[in-house]
Each structure stands twice: as C-alpha cells, then as structure tokens.
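Colleague: Here it is, the structure in full.
The values are calculated or read from the model by the stated rules, or taken from the named source; none is laboratory data. No experiment lies behind these values; they were computed from the predicted model shown. Note: ideal-geometry Cβ built from the backbone for every residue, glycine included; neighbour counts use all protein chains shown. Just the protein is used for accessible areas: all its heavy atoms, side chains included, with ligands, DNA and RNA removed. Shrake-Rupley method; radii C 1.70, N 1.55, O 1.52, S 1.80 Å.
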Amino acid sequence: MLLPRQQSQQGTLQTSFSLVPVDGLPQEEPRSNSGQVRESPTESASSRETWPNVEAMLAKKMENGKTENDDAEHSVVHRFSSADKISLRDIARERVDLISEKMHRLPNEFLEELKTGLRVILDGNGGSQQREEIFILQKLVQNRTDLTAKTLLIANRVQLEILVAINTGIQAFLHPNITLPQTTLIEIFVYKRCRNIACQNQLPADDCTCDLCSNRKGFCNLCMCVICNKFDFEVNTCRWIGCDLCSHWTHTDCAIRDGKICMGSSAKSAPGQTEMLFRCQACNRTSELLGWVKDVFQHCAPAWDLDALTRELDYVSRIFRGSEDTRGRKLFWKCEDLKEKMKNGIVDLSVACRTILAFFQELELDSPRSMENGEGGRLIAPQEACTRIADVVQEAIRKMEIVAEEKKRRYKKARMDIEAFEREVEDKAREAAELKLEKQRKKLQIEELEKIVRLKLAEADMFQLKANEAKREAERLQMIALAKSEKSEEDYASSYLKQRLKEAEAEKQFLLEKIKLQESFRSQGSGGADQS
C-alpha cells in the first residue's frame, strides 16, 4: 500500500494558495507496502474548507501593494447606470456574451464586490438562506447547455471565475492572490482538469480507465477520495488509505463508515488466519493494513508534533478497533494506552514516538514466530532462528539509518531555514533602521514646515493689520474728500450766485442808464418840436 510522500522527496506540498505544477504530480509507483512513499491527496474548500489560514497575510500584502496607487485610484470616478448592474443570478442565467459585454463596462470595484458576495455565500455561515442561494445558482449553471469550452472563451475573466466557483463550490477560485489561466478555468469547468488547485492534473488522471474515473465528472484518482469525491491538504497521515493495486485513495473515515475496513484473509496470511484488511471500492481488491500503518509511522512519526501523533494514534485505534487477530488487538490497546498517557502528561512526545516505533518492531519480530506456530507447531532450528533474528535486526538497523538520514536532512534544512531567517531578520532590522532615519528626517521636515507655517501666519496677521489700518485711512481720506467736495460745491454755488448778482446789478444799471438816456432823448425831441 502506498504511503503519503514525505515532503523531503519532491518538495513540500504547497498549500498556501500556491499552485503546484502538473509536472510535480506523483506518477504511477510500484505496488508495494514497504519502502514506498507517496504524497497523500489534497482537497479544496468543497469538502471541509481546509485551506491554510493566510487571509490576514494576503490582506496585508494587498494593502501594502495598493498603498502607492491609492491616490491615483481615488482620483478616478467610475460612473455607470443602474441598468448596467448585474447580479450573481444574472451571471448564472444569462448568455455568456451579453454578460461579458456588460462586465467590460463595469468598474473593477463592482466586480470585486460580486466575487466577495459569492465567497460569503460559499462560506455557508449565513444559514439556510445562503445554502438555498448557492443551490439555486448551481442549478441554474448546471442546467445550461450553452456553457461549453467554445462559448466560455469569450467570457470575462471575473465572469469565468464566478461560473467555476459556482459549479465547483470552491471559494479559492475567487481569491485575489490566485490567478489561473483562462484555459485552465475552462478545463476545470468542463471537467477536463482536476479542480484541486494543488493538483490541476488532466483528467482522467494517469489515463485511468476504471469506472470511477470514467463516469464521475471531475474525479481525480491522485487526490480525491473514491467514496466522498473530496480532497484536503492532509499529508503524511493515516487519514488516507491507498490501494496497493489500483493506487486510488480513500478517506479512512469514509472506509470505516462504508465497511471497507474489515477482517479477512490476504495473500500473505497463513492458511486459516485473518487480519485487518482494506477493500478498495474502485477495484474491489484487498490490502493489508498493519504493514501500511507501520510504514506510515516509521517514515513520518519523527516529524509529527504532539497533537499530530495523538490524532494519528486515534486513527489507528479506530482502524483496529474491530480487529480479531492478536497483533491487531495488541496495536489497538497500545494506541489506547499511549493516548491516555499522553493526555495525562505521563509520557512526552519523544518517548511516545520511540515507544510506538519499538512496538511495531516487536510486532515484526513476533510475526515469524506466530507464523511458525500456525504451521502445526513446528519448531525451527536455532541457527535458522538466529538467522531470522539477524535479518530482522538488520532490517531494523536499516530503517533506523533511514530515519537518521531523514533527521539529518531535516536538521540541515532547519539550519538553512534558521540562517535564512537570520538573514531576513538582519534585512528587516536594516530596513527598520532606514525607516527610523527616514522618519526622523520627515519629522525634521515637518517641524521646519511648521515653523514656516507659523511665520507665514504671523506675516498674514501683520499684513491683515496693515490692511485694516489702510482701510481705515482710506475711509478717513474718503470722508475728507467728500467733505471738501461738498464745501467746494457750496463755494462754487456761492461765487456763481454772487457773479450772477453782479451781472444782474450791472444789467440793471445798464437798463437804468438806457432808460435815462431814452428819456433825455424824448425830452430833447419834444423841445425841438415845439421850436419847430
């Protein structure tokens, strides 16, 4: 049975919203229970929402990335009429080309609001109303016949992401830090590519022709459970069970629930003996579980923390709870005992890890003796027994060397990580010092500007005072000018009237003299007439 691949062999599975290339996916491996390491499947938010919690980190990155462009963005005012607005139901119901044309006219802020609204609905924390809404949206999308690879080529980017998220029920396709090519989104929508972002393998995976891979839409045998059709980010764990023959994977919980883990006889068992087996739903063939669990613990237990070891012991206890063979019952009781001691703080992590690994070696040593006792009670020769014990010891030493090499590799990797972290700390300290100097420089500049502002305010007050004085002086001069103007007008009128009076007196005098002259002329004329 294939084990979860250790992270040391083909790199750590990138689950922090990073995309694993298709070339990095595991290929078909030898069908064996020991010495094989295979990466356990990964699943998206469609099953248990086990995406890594990087929302705060991504939000911080987005905020830092947008700080420089805030002014430019706020300076642009997007205007669009209410008739251009669209809803999620419009996207799920209307023609692709019509919605694409509308979305090209809409601002990016509105499109981001649409994606955020769909993420809230897919989150499922809003109760029955949100569950009913996503059911309606999925029904609208899945009942359409026009959503083909050809028609989706003309779809808007956000429109395509929303359609894929509705169809798969996965929020990750709406995340701002995940950008998949449009062709990949189309292939995921039409079930030609695995919807697991960490897998993205072409379907059917490994060109598998079994009924499951042929008939289930979007099923990937490299990362999905053959029973529940879901995936998650659990690796190096007993949570997943792989089939020795067809290499399909099953959740341990699903296998227990559907009765795929039960007692039976395997090809390696002695006649009449039974042990705990796993029956694959894909090929209906069985695989033994004790050797698989032993290999998982030998390869992965040294890297587990206390919670992980407790969880794995719980999985083993549930697998072998109904075991009827001696070794299975011993393993069950050993796991229960270790869990209780770890819970009460009697043993720590390292002691518990060494105890369970030593117990697996004891079971391996007991296996040949029990096999011989099952063959009619035949006793083996001392030399043969010594040879077998030596072989077992050599195998144990070999596995311990493997573990030691793995620990050495992990130590080197941890050392490199520490050095990289120290360098990063030094860089951050240097950046902090530079920022502090820059802050001080900015503070001095601000103080200088404040001084200039205070000086300008004082100058403004002085100029205002002078302006007020000038205004009052202007008003005073205006009043003086007005008074002088009125006086000059009065003087002018008086002189004018005096002049007119003088002229009138002169004219009067002239008229009087004229009258006198006329009278003298009359008197002279009347005397001459008498004489004549």
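Colleague: If the only charges are +1 at each Lys and Arg Cβ and -1 at each Asp and Glu Cβ, what is the size of the charge dipole of region 84-189 around the Cα centre, to the nearest 20 debye?
Modeller: So the magnitude is around 180 debye.
Colleague: Below 17 Å, Cα to Cα, which lysines can Lys456 reach? Residues fewer than 8 away in the same chain don't count.
Modeller: Excluding near neighbours in sequence, the set is Lys466.
Colleague: Obtain the radius of gyration and the Kirkwood radius of region 84-189 from its C-alpha atoms and give Rg over Rh.
Modeller: My calculation of the ratio gives 0.93.
Colleague: Still on this structure: Given 0.36 nm per residue, what is the gain on full extension from Glu109 to Leu437 after removing their alpha carbon distance, in nm?
Modeller: Result for the pair: 114.4 nm of gain on full extension.
Colleague: Just going by the charge dipole of region 84-189, with Lys and Arg at +1 and Asp and Glu at -1 on Cβ, which of Val120, Thr183, Gln138 is farthest out on the positive end?
Modeller: Gln138
Colleague: With a 1.4 Å probe and all protein chains kept in place, how much accessible area does Glu431 have, in Å² rounded to the nearest 10?
Modeller: The value for Glu431 is about 90 Å².
Colleague: Take the Cβ-Cβ distance between Phe510 and Arg472 as r, set R0 to 41 Å, and report the resulting FRET efficiency rounded to the nearest 0.05.
Modeller: 0.15
Colleague: Remind me, relative contact order of region 84-189 in percent, using alpha carbon pairs under 8 angstrom and six or more residues apart?
Modeller: It comes to 31 percent, rounded to a whole number.
Colleague: Okay, next question. At a probe radius of 1.4 Å, what is the per-residue accessible area of Val347, in Å² to the nearest 10?
Modeller: 30
Colleague: How much length would be gained if the chain were fully extended between Met416 and Ile389, taking 0.36 nm per residue of separation minus their Cα-Cα distance, in nm to one decimal?
Modeller: Here the segment from Met416 to Ile389 would lengthen by 5.7 nm.
Colleague: Among the listed pairs Lys102/Lys150; Lys230/Lys260; Lys339/Lys407; Lys294/Lys339, which have their C-alpha atoms separated by more than 22 angstrom in this model?
Modeller: Those over the limit are Lys339/Lys407.
Colleague: Same structure, new question: If DNA, RNA and ligands are ignored and the probe is 1.4 Å, what is the ranking of Lys451, Lys217 by accessible area, most exposed first?
Modeller: Working: Lys451 115, Lys217 145 Å².
If we order Lys451, Lys217 from most to least accessible, we get Lys217, Lys451.
Colleague: A further question on this structure: Kindly write out, for region 162-172 in residue order, the coupling ³J(HN,Hα) from the Karplus curve 6.51 cos²θ - 1.76 cosθ + 1.60 (θ = phi - 60°), rounded to whole Hz, with x marking Gly and Pro.
Modeller: Karplus-based 3J(HN,Hα) across region 162-172 equals 5, 4, 5, 5, 5, 5, 9, x, 10, 6, 4 Hz.
Colleague: Sticking with this one: Please state the shape class of region 447-532: rounded when a/c is under 1.5, otherwise prolate if a/b exceeds b/c and oblate if not, all from the C-alpha gyration tensor.
Modeller: Working: a/c = 21.85, a/b = 10.90, b/c = 2.00.
Prolate is the answer for region 447-532, as a/c is 1.5 or above and a/b outweighs b/c.
Colleague: Sequence neighbours fewer than 8 away in the same chain don't count; with that in mind, list the lysines whose C-alpha is under 22 Å from Lys508.
Modeller: Output for Lys508: Lys498, Lys516.
Colleague: Just to make sure I understand: if all protein chains stay in place, what is the order of Leu437, Leu98 by accessible area at 1.4 Å, largest first? Please report the intermediate quantities before stating the final value.
Modeller: On the way: Leu437 115, Leu98 80 Å².
From most accessible down to least: Leu437, Leu98.
Colleague: So, one more: For Lys466, Lys150, give me the order by solvent-accessible area with a 1.4 Å probe, most accessible first, ignoring ligands, DNA and RNA.
Modeller: Ranking Lys466, Lys150 by accessible area, largest first, yields Lys150, Lys466.
Colleague: Tell me the accessible surface of Asp123 in square angstrom (1.4 angstrom probe, heavy atoms of protein chains only), to the nearest ten.
Modeller: My reading of the accessible area for Asp123 is about 70 Å².
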